[in-house]
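Below is one structure; the comments refer to it alone.
Any read-out appearing in this document is the output of simple, stated calculations on the displayed coordinates, not a laboratory observation. Computed from a predicted model, the values in this text were never measured in an experiment. Heads up, the Cβs are rebuilt from the backbone with ideal geometry, glycines too, and the neighbour counts pull from every protein chain shown.
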Amino acid sequence: MHRQMCWLSKFGGDGEKILYLQTEPNQPWRPYTAFGHFSVPDYQIPGGSKGWATYQKLLKAGWTLVPSTRANEFGSSSYAESTIQNQ
């Protein structure tokens, strides 16, 4: 199964990066919060990375980390809009 993750800025550019996931080829990258069955609660660390706990879980489960530059090859239109909820 196609399971990739990447650190991307929510609005593109150099903003704060959060974890994005892609479960099927040619599907848009979506924030980890859109995948309730894969994501886990964020660590309660001030200034901590959004999605770090999920990243650790999925890396152990065999997911592939894709460099941000590779994910960006497809342009910002490949990103699905979603709301990030603070926990």
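Return, ordered by residue number, the residues of the range 13-34 whose backbone nitrogen is under 13 Å from a label point located 7 Å along Cα→Cβ of ARG70.
22
Using a 10 Å cut-off on Cβ atoms, rank the peptides 16-29, 35-48 from the highest mean neighbour count down.
Details: 16-29: 16.5, 35-48: 11.0.
Going from most to least packed, we get 16-29, 35-48.
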